[in-house]
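Accompanying notes for the structure given below.
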Amino acid sequence: MSSYLFHRMAAASLMLLLVLSAVFLLARLIPGDPVEVMLGEGADPVERQLLARAMGLEQPLYVQWWRYVQRLARLDMGQSIHTGRSVSTLLAERIPATLLLAGAALGITLLLALSLGTVAALNHGRLADRLIVGSAMLGLGIPNFCLGPLLILLGAFLLGWFPVGGMDHPHSVVLPALTLGTGMAALLTRMVRANLLEVMHADFVGAAMARGAGPVRRMLWHALPNALLPVVTLFGLQVGALLTGAVVTEQIFAWPGVGQLTLEAIGKRDYPLIQGCILLIGSCFLCVNLLTDLACAALDPRIQLAD
């Protein structure tokens, strides 16, 4: 297990270096000049040059990249160009809101996927199975930027149960969490159903039936634990996708998280803040994938031997 962990951590570290390099370059490919955004188009050329020098933007890209890597090695993400505040401080203020939204969305995802997938497998070929599969297909076909406004229209304006946006009310998290969670739940529901139907024909499930175990007991105690390996793998990938989907969802619902901060930084051409936000999202994605690999290796030790 230690060798497997070492190889996975080495691969994740290399990928993190590639991510921060890509983020550094892509941030500078965004149209617009941060100096012009700050001073305006009619600014004096001398002032523009002095500000660019103060921010280090007049240096070659490789010099800027190397200084950026050196700062990161000291756990220093730099300061925001527009506010002058530490990027780490700005992220720390927004992370709790994003964690709350992500946790609520993951809870909705697991609740819906495991329950509906199991019910669909138990009622294979019946009306309940068809309804669940059809709903899952519908959930997969509606993107977040369409589902979010629909939920606002239904839950906030027609029913009046939830606020339109922000996080001032205890129920504010419901609509954005549903927006993020339903799409993930739709895919995982189909995966849980398919794996359960496959595992139900295994010999150990037949042996449980011969011992007198009923269909529900066979499904929950024998089939479901053995069908979780592909589900865990897909769930890990979906958690990473949830972090990127939160950027759009937070903007729709005015949710003050890292996703909204990222879009604000892009609009202001705030290079250090853009780099910090995307690096945080990318690091979380890599950590989730690493934990998913370890979880799969724990569930099936043969994965370590095949590595």
Quick one: which residue in PHE204, PHE145 is modelled with pLDDT of 75 or more, surrounded by fewer than 20 Cβ atoms within 10 Å (Cβ to Cβ) and of a type in the set (Phe, Trp, Tyr)? PHE145
Looking only at the stretch 266-294, which residues are among the small types (Gly, Ala, Ser) and under 21 Å from LEU14 (Cα atoms)? GLY276, GLY282, SER283
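Somewhere in the stretch 88-107, is a residue under 30 Å from LEU188 (Cβ atoms) and in contact with a Cys (Cβ under 8 Å, 6 or more places away or on another chain)?
Yes.
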Please state which one of ALA113, ALA92, ALA136 is over 20 Å from VAL174 (Cα atoms), among the aliphatic types (A, V, I, L, M) and part of a helix (DSSP H, G or I). ALA92
Can you tell me which residues in the stretch 1-26 are at pLDDT below 70 and aliphatic (A, V, I, L, M)? MET1, LEU5
Consider PHE157 carefully, then state whether it is of a type in the set (Phe, Trp, Tyr), in a helix (DSSP H, G or I) and exposed (fewer than 13 other Cβ atoms within 10 Å of the Cβ). yes
List the number of the failed condition for LEU234; all other conditions in (1) surrounded by 16 or more Cβ atoms within 10 Å (Cβ to Cβ); (2) out of contact with any strand residue (DSSP E or B) (no Cβ under 7 Å at 6 or more places or on another chain); (3) at pLDDT 80 or above hold. (3)
Give me the pairs: first residue in the stretch 69-80 and in contact (Cβ under 8 Å) with a residue 60 or more places away in the chain, second residue small (Gly, Ala, Ser) and surrounded by 13 or more Cβ atoms within 10 Å (Cβ to Cβ), beta-carbon distance under 7 Å, and six or more apart or on different chains, which are they? MET77/SER88; MET77/GLY276; GLN79/SER86
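The values are calculated or read from the model by the stated rules, or taken from the named source; none is laboratory data. Note that the structure is a prediction, hence the values are computed from the model and not measured. No Cβ is skipped: glycine too gets one built from the backbone with ideal geometry, and neighbour counts run over all protein chains shown.
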